[in-house]
Every structure is written in structure tokens, then in C-alpha cells.
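The structure appears right after this line, and notes come after that.
Bear in mind these aren't lab numbers, they're just calculated from the coordinates by the rules spelled out. As the structure is a prediction and not an experimental result, all values here were calculated from the model. With ideal geometry, Cβ positions are generated from the backbone for all residues, glycine too; neighbour counts draw on all protein chains shown.
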Amino acid sequence: MDAVVKFTSQSQGRDRVFRSTQYACALSIYLLRNKPDRKDLVARLKSLENNMSAGRKLLRLGNAANSIVAAKQTMQLSDRLLSLCLTVANINRALYFICDNAVWARNVGLIRSIDKERWSINASRYYLFSLVMNLTRDLYVILQLMQKKGRDNRFKSRMNQHLSDCPEVAEAVIPELDALIFLLLETLRSEPTVALDTVKNICDLFIPLDRLGIYKSSAGVVGFCGLISSLIGILTLARPTLRIKP
Amino acid sequence: MMDAVVKFTSQSQGRDRVFRATQYACALSIYLLRNKPDRKDLVARLKSLENNMSAGRKLLRLGNAANSIVAAKQTMQLSDRLLSLCLTVANINRALYFICDNAVWARNVGLIRSIDKERWSINASRYYLFSLVMNLTRDLYVILQLMQKKGRDNRFKSRMNQHLSDCPEVAEAVIPELDALIFLLLETLRSEPTVALDTVKNICDLFIPLDRLGIYKSSAGVVGFCGLISSLIGILTLARPTLRIKP
């Protein structure tokens with residue numbers, strides 16, 4: 001119970017639990033959509049999902065400041081490509097939060113003169129850009145690690161053993177491709193932080209892609225991907241060793 | 001400066017206190033503007049903001065009962081038995097308040113339909129009131145302890161004699177013992193700001209459930225003002241942990 005209390009004492013912890021609940025509801029609603037005897041349950045889940053979504057919008061007030069502080073920190077990284085990717089990602093995330101806060105103000109009625117749909121679309125766009133920059137960073141880090149691992153002698157001996165172990169597979173496909181995939185999987189297995197972050201970003205990608213109409217997947221896919229990325233988010237917050245650095 | 005704000009809002013409690021301050025500031029403003037027909041639009045916006053804050057905070061309170069239960073376990077182990085009793089009962093009542101409040105949230109969302117919303121809401125206010133009364137009892141106990149300790153302090157005795165001799169006309173007008181007692185009380189509160197802040201916060205908070213339960217109906221303006229003061233004190237004690245009362 002102490003660990004749960006400590007986790008929920010952080011705003012980010014509560015937000016990720018609410019996010020998981022929101023996307024679990026979305027997924028359940030999709031799975032139950034064709035069952036007429038479950039209409040009452042679906043209505044309750046919809047109500048819960050809307051409540052979570054509205055509450056999270058309130059909770060996001062002021063988060064732009066977090067991203068600006070993070071952008072200031074990433075500007076000072078020594079690796080210039082990493083610094084560029086992360087700073088652009090953080091700036092886009094700050095713009096996403098500003099647009100999202102404006103939509104909240106419009107919903108509450110504080111500001112009436114703004115076009116809610118335009119600001120909501122812009123929020124999704126900035127969110128998409130920040131996810132793309134984060135994925136670029138993931139790709140860069142994976143390539144760096146693969147390069148480093150490829151030179152490692154212990155790994156070279158293991159790869160040769162792998163290629164000789166499965167002669168029929170190695171002959172069926174191109175040996176270089178097999179070696180490359182083996183290198184990639186070994187890299188991801190030895191650095192779980194990068195693997196988790198990549199899966200999280202790919203899952204998150206489906207949400208703005210669906211919202212902007214660029215790649216319309218079903219509500220079930222969006223719900224499932226949102227749930228997976230929220231659970232990974234909870235895991236990386238509870239176990240800071242699994243969080244990607246910087 | 002931005003780093004301090006980010007650090008403050010990274011705690012759930014920090015955000016909740018900012019939202020609470022905004023909620024009661026809106027309530028106070030609505031009361032002050034209630035008789036101005038040309039400000040009807042502003043009043044409508046403030047009402048909408050107040051409701052949004054209130055609903056959002058109800059969601060944010062989900063699971064807070066666990067915090068109070070953990071705090072109750074800690075206060076059970078304090079060495080001072082009266083302090084331990086007051087704080088543990090306060091924490092248990094606070095946990096019960098959170099449970100009732102979470103049930104009202106579930107009823108509002110529609111997850112549970114079979115519960116009587118008004119009864120659970122009244123019970124939530126009752127448990128909140130009990131916990132505030134226990135916290136005030138602790139404040140009173142701590143103030144009396146400190147006054148007793150201070151009264152024995154020699155430096156203070158000399159200062160009090162000086163105060164009593166400085167204002168002879170006042171000391172003769174009222175009972176000298178009362179004057180000495182009030183001087184002792186004020187000096188104690190000034191030297192221990194944590195207790196003073198906590199006492200003011202609890203007294204201000206008291207008006208909210210007293211009004212809700214109909215025990216002492218004050219105006220919406222008084223409730224808004226007191227809620228705002230206690231929220232601001234809450235923000236201050238969270239931002240400056242040295243001003244928070246211990247335990």
C-alpha cells in the first residue's frame with residue numbers, strides 16, 4: 001500500500017492510471033458493441049470514459065511548463081542529434097499542451113471566441129510531431145547500440161554460433177538479413193528501456209493518426225494501443241530503471 | 001522559478017490545492033458579484049469554472065483513503081498518547097470521508113446506481129467535520145503544551161514583566177492575568193508559526209462542513225472566503241515544508 005500511495009502522490013502517476021482506465025473502457029466498449037444485452041454496461045463504460053477524459057484534460061493544465069523545462073535540459077545534451085530530436089519533441093509537446101489547455105478553456109466556457117475543432121486538430125498535430133521525433137530518437141539510439149554491439153567480440157562469437165546452429169533457416173533467407181534481425185533482437189533484449197520506449201511510442205502513434213484521419217484504424221485498435229502504452233507508462237514510472245535516459 | 005512551479009505541480013496534492021484555491025476564489029467572486037446584473041456573463045463563466053474544478057477534484061480524490069490509512073498507521077506509533085489518539089482518529093475519519101466521497105463520484109458517473117447520493121454526501125461532510133475537530137483538538141493541545149513550556153522560560157518571564165510594566169494603564173484596565181495570558185498566547189503563536197497556520201487553516205475549513213450540514217449556516221461568501229484562505233495556507237505549507245506542522 002505504501003508503494004501505491006507513493007505512486008499516486010505524483011500527478012503523472014495518477015494521470016497514467018486514469019489513462020489506462022480510459023483506454024480500457026474504450027477497448028471494452030468496442031468489444032461489447034454488438035451485444036444488445038450489455039447495453040447498460042456499455043452506457044456505464046462510456047460515462048466512465050468521458051469522466052476520465054474530462055478529468056485528465058483538467059489535470060493537463062500547466063503541463064506546458066514541464067515540457068519547456070525538459071526542452072531547456074535537452075538543449076544541453078552533448079550528442080547533437082539526440083539533443084535536436086528531444087528538444088524539438090519537447091517543444092512540440094509544449095505546443096500540444098497549450099492547444100489542449102485552450103480546448104479545455106473553451107469547454108468550460110472561459111474563452112468563447114476560439115474555434116474548438118481547429119485547436120483540437122492542432123493539438124493532435126503537435127502531439128503527432130512530438131511522437132515522430134521521439135521515435136526518431138529511439139531509432140537513432142537503436143542504431144548506435146547495434147553498431148556498438150556488432151563490434152563486440154563476445155557477440156560475434158554468439159552470432160556465428162546462431163548462424164551455424166540453424167543452417168536450414170540461414171540458407172532459406174538471406175544470411176545477412178538473418179544476422180541483422182539477430183543483432184536487432186539481441187540489442188533490444190539487452191537494453192529493455194529502448195524497447196519499451198519504442199513500443200510505447202508506436203502504440204501512441206495510432207491515436208493521433210486516427211484522430212487526424214491520416215490512418216483510420218478502428219476504435220478497438222486505438223483503445224488497445226492506448227491501453228498498452230498507458231501500462232508501459234505506469235511500469236516506467238513505478239520502476240525508474242526501465243525509463244529511457246535522458 | 002518555473003522549476004519550482006513544475007516541482008510543486010508534479011505532486012498530486014500540489015495540483016489539488018491550486019484547483020481548490022481556484023474553486024473557492026470563484027465561489028467568493030460569484031458571491032461578491034451576485035447583485036450586479038451587468039456582470040451576469042462573468043458570473044456564468046465563474047460558475048462553470050467552479051463546477052469544473054469541483055468535479056475534477058472529485059476524480060482526483062479517488063484512492064486518497066489509502067493515504068489517510070497509511071498516515072493513521074504512522075500516527076498510531078507516536079510516543080505522546082493524546083497526540084497519537086487525536087491524529088489517528090482524525091486520519092481514520094478522513095479515510096472514511098474519502099470513501100464516502102469516492103462513492104458519490106461513482107454515483108455521479110453512473111457506475112453505482114443503487115446508493116442514495118444525498119445520504120453518502122452528508123456522511124462525507126460529517127466525517128470531514130469530525131476529522132477537522134480532532135485536528136483542532138491536537139492544535140489546542142500543542143498550543144497549551146507550548147504555552148506551559150514558554151511560561152517557565154526565564155527570558156520570557158522577564159519580557160512579560162516588561163510588557164506589563166510598559167503599559168500600566170492597559171494592565172489596570174483589564175484583568176492583569178488575562179492580559180498576561182493573551183501575551184503568552186500571542187508570543188507562543190509567533191514563535192511557532194506552524195501551529196498558528198494549522199489552527200487558522202482548520203478553523204477556516206470548519207465553516208465548509210458546518211454550512212453543508214446546516215449546523216451553522218453562514219453565507220456562500222463566508223464559505224468561499226474561508227475556503228480560499230485555507231487553500232492558500234495549504235499551498236504555502238506544501239511549498240515550504242518547514243511551515244508544515246509535525247507530525
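Go ahead and run the numbers for FRET between B:VAL133 and B:MET1, Cβ-Cβ distance against an R0 of 41 Å, rounding to 0.05.
0.60
What are the ³J(HN,Hα) values, in whole Hz, obtained from phi via the Karplus relation 6.51 cos²θ - 1.76 cosθ + 1.60 with θ = phi - 60°, for each residue of the range B:151-163 in sequence order, with x given for Gly and Pro?
Taking θ as phi minus 60°, the curve returns x, 8, 5, 6, 4, 5, 4, 5, 5, 5, 4, 5, 4 Hz for the range B:151-163.
Sequence neighbours fewer than 8 away in the same chain don't count; with that in mind, list the lysines whose C-alpha is under 16 Å from A:LYS72.
A:LYS245, B:LYS7
Check each of the trypsin sites (Lys or Arg not before Pro) in the range B:86-135 and keep only those in coil by DSSP with at most 15 other C-beta atoms within 10 angstrom; list them in order.
Hits after loop and neighbour filter: B:ARG113.
Calculate, in nm to one decimal, what B:SER219 and B:LYS47 gain on full extension: separation in residues at 0.36 nm each, minus their alpha carbon distance.
60.3 nm
Which of the aspartates and glutamates could a cross-linker bridge to A:LYS200, judged by Cα under 12 Å and excluding same-chain residues fewer than eight apart?
A:ASP138
Check which residues have an amide H placed less than 5 Å from B:GLN11's amide H, if you skip close sequence neighbours.
Answer set, sorted by chain and number: A:SER11.
Pop out the ³J(HN,Hα) list for the range A:210-225 in order, Karplus 6.51 cos²θ - 1.76 cosθ + 1.60 with θ = phi - 60°, rounded to Hz; leave Gly and Pro as x.
6, 5, 7, x, 6, 9, 7, 9, 6, 4, x, 5, 4, x, 5, 5
Explain nothing, just compute: Karplus ³J(HN,Hα) = 6.51 cos²θ - 1.76 cosθ + 1.60, θ = phi - 60°, for every residue of the range A:82-97 in order, whole Hz, x for Gly and Pro.
4, 4, 5, 4, 5, 5, 4, 4, 5, 5, 5, 5, 5, 5, 4, 5
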